[in-house]
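Chemist: Once you've had a glance at the structure underneath, I'll fire off some questions.
The values are calculated or read from the model by the stated rules, or taken from the named source; none is laboratory data. Note that the coordinates shown come from a computational prediction; the quantities given were computed from them, not determined experimentally. Cβ atoms come from the backbone with ideal geometry, glycine included; neighbour counts cover every protein chain shown. To get the accessible areas, we keep the full protein, side chains included, count just its heavy atoms, and leave off ligands, DNA and RNA. Shrake-Rupley method; radii C 1.70, N 1.55, O 1.52, S 1.80 Å.
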Amino acid sequence: MRRVLAMLCVSSFLCAGLVLSRRASADDIAERAKKLHFSSIVLDTHDDTTQRFFSKDYDIGKRNSDGHVDIPRMREGGMNAIFFSIWIDGRIMGPPAVQKALDQIDAVHENVRKYSKDLVLCRTATEVREAHAQGKIAALIGVEGGHMIGNDIRVLRMFGDLGVRYMTLSHFYNDEWADSSTDKPVHNGLTDFGKDIVREMNRQGIMVDISHVSDKTFYDALEVSKAPLIASHSSCRALCNHPRDMSDDMIKALAAKGGVIQINYERSFIDQAYKDASDKLSGGVVAAFDQLKKECGDDQECFGRKMAEKQKQATAEGKLPHVSWERIIEHIDHVVKLVGADHVGLGSDFDGADMPEGMEDCSKLPKITEALLRKGYSEEDIRKILGGNTLRVMGQTEKVSMELQAQ
């Protein structure tokens, strides 16, 4: 009996030690993830926060009770580099589109000036790294839709001078020279003028963004561009069959040329069951967008707010399934398994889309780093995913620009 009791005591001691060891290991991962995240450049390539600058109730310098992004929550979540998206309805074209785009670009500049202790406008990958070294948040500008150049290549050059570092070739609707993924094709991809736009983007050092474009437009841009492409806020079609997501073949082609797909967190882009239920409820993405247009008119900030309200209510009523933030990790992991860790990044669509549960705003971003670390990703690869890959493409685009301008 004494021998049995002794063995039980030893066994209990070993079991307790094993539990403590596992707990310590888990705590170690959490601490490592925290240090890794807050020492990295965490760059989000697509945030519709710009639309909120025109709301009287919003101040990026203060913690807001709604929305996804402000300086306090960016600091809390370690998001230290952000592309402010310039967006207007894709059916607005010509001079009015240019004017509205300029208004938003000016709003970014003014907010950076107002909060210069925290924000600094950056145009190059080197400037982003310098901002990080100084403890500041790098503010960058992306134009979401080629319709905003007013069908005038000179406006593209002007945008470049004002600090625009990427342009999405089309938005929800076809523009004058590029087909969209959510509209009926009329150009068979890029027109000849559209190809000239891509070449001029290369010359200006503006990254070519193929989120929103049709598959044919993507392949046309890939063939024409001398610099790698980005998909600033798209996810994986293999996991969620949405026209805004990229197929495996497209991701492979993007990666083969050095490009990066930045994963979008929107529920209907990352979860098939949610997309199917949402389409059934709204009649599809086009019908949903048109309904919001009727309700909001040209009030861009209203779009994001109304969409979030409708989806939150439908989920509460059980009409839409719940979607966990961990689906984001699944899309990142899919890209890594497909083409490697050098070709995926973060493009949340904060303030412009409905976030999954657990990723309610940018303060939750450390979850992504910890999840990747727990999956066995190396710290080097995680830093690439958090922002390094996008900075690499920025640098390569700048190099192509210098070479073309020297010719």
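Chemist: Taking only Cα atoms and a 10 Å spring cutoff, compute GNM fluctuations for the chain and point out the largest among D89, D44, D245.
Modeler: Per the Cα network of the chain with a 10 Å cutoff, D89 tops the list.
Chemist: Something else: Could you state the number of Å between the C-alpha centres of the stretch 224-293 and the stretch 372-405?
Modeler: That distance is 21 Å.
Chemist: Here is a follow-up. Give me the percent of the accessible area of the stretch 316-407 that comes from carbon and sulfur atoms, probe 1.4 Å, all protein chains in place.
Modeler: Heavy-atom surface of the stretch 316-407 belonging to carbon and sulfur, 1.4 Å probe: 47 percent.
Chemist: By how many nm would the segment from D192 to E360 grow when fully extended, if each residue of separation counts as 0.36 nm and the alpha-carbon distance is taken off?
Modeler: Result: 56.3 nm gained on full extension.
Chemist: Quickly work out the T124-to-H109 label distance, labels modelled 7 Å from Cα along the C-beta direction, and quote it in nm with one decimal.
Modeler: In this crude label model, H109 to T124 measures out at 2.0 nm.
Chemist: Right, next: Tally Lys/Arg at +1 and Asp/Glu at -1 over every other residue whose Cβ is under 11 Å from the Cβ of R63; what's the total?
Modeler: That works out to -2.
Chemist: Cα axis of helix 192-204 to longest principal axis of the chain: angle in degrees, 0 to 90, nearest 10?
Modeler: Once rounded, the angle reads 60 degrees.
Chemist: Rounded to two decimal places and with Rh computed the Kirkwood way over Cα pairs, what is Rg over Rh for the chain?
Modeler: 1.03
Chemist: Roughly how big is the stretch 93-182's charge dipole about its Cα centre, with Cβ charges of +1 (Lys, Arg) and -1 (Asp, Glu), in debye to the nearest 20?
Modeler: Value, rounded to 20: 420 debye.
Chemist: What is the antiparallel percent of DSSP beta bridges lying wholly in the chain, to the nearest 5?
Modeler: 5 percent
Chemist: Keeping every protein chain in place, order S39, S214 by accessible area at 1.4 Å, biggest value first, i.e. largest first.
Modeler: Descending accessible area places them as S39, S214.
Chemist: Would you compute, for the Cα atoms of the stretch 341-407, the largest minus smallest coordinate along each principal axis and list the three values in descending order, in whole Å?
Modeler: The Cα atoms of the stretch 341-407 stretch 51, 31, 15 Å along the principal axes, largest first.
Chemist: Got a number for carbon plus sulfur as a percent of the stretch 47-139's accessible area, 1.4 Å probe?
Modeler: 49 percent
Chemist: Please compute the per residue accessible area over the chain with all protein chains in place, 1.4 Å probe, rounded to a whole number of Å².
Modeler: 42 Å²
Chemist: While we're on this one: If ligands, DNA and RNA are left out, what is the accessible area of D290 with a 1.4 Å probe, given in Å² to the nearest 10?
Modeler: Ignoring ligands and nucleic acids, D290 comes out at about 50 Å².
Chemist: Here is a further query. What is the calculated FRET efficiency for E76 to D28, with r their C-beta to C-beta distance and R₀ = 30 Å, to the nearest 0.05?
Modeler: In this case the efficiency is close to 0.85.
Chemist: Rounded to the nearest 0.05, what FRET efficiency do D276 and D248 give with R0 = 25 Å and r taken as the Cβ-Cβ distance? Could you check?
Modeler: Result of the calculation: an efficiency of 0.80.
Chemist: Follow-up. For R157, R327, give me the order by solvent-accessible area with a 1.4 Å probe, most accessible first, ignoring ligands, DNA and RNA.
Modeler: R157, R327
Chemist: Cβ neighbours within 10 Å, averaged per peptide: list 330-337, 224-231 in order, most packed at the top.
Modeler: With the highest mean Cβ count within 10 Å placed first, the list reads 224-231, 330-337.
Chemist: Once phi is turned into θ = phi - 60°, what whole-Hz ³J(HN,Hα) does the Karplus curve with 6.51, -1.76 and 1.60 give for every residue of the stretch 34-50, x standing for Gly and Pro?
Modeler: 4, 5, 5, 4, 7, 9, 9, 7, 9, 10, 9, 7, 8, 9, 8, 4, 3
Chemist: Under 5 Å between amide hydrogens, which residues at least 5 positions from H46 or on another chain qualify, with H placed 1.01 Å from N in the peptide plane?
Modeler: Excluding prolines and chain starts, which carry no amide H, the hits are F83, S348, D349.
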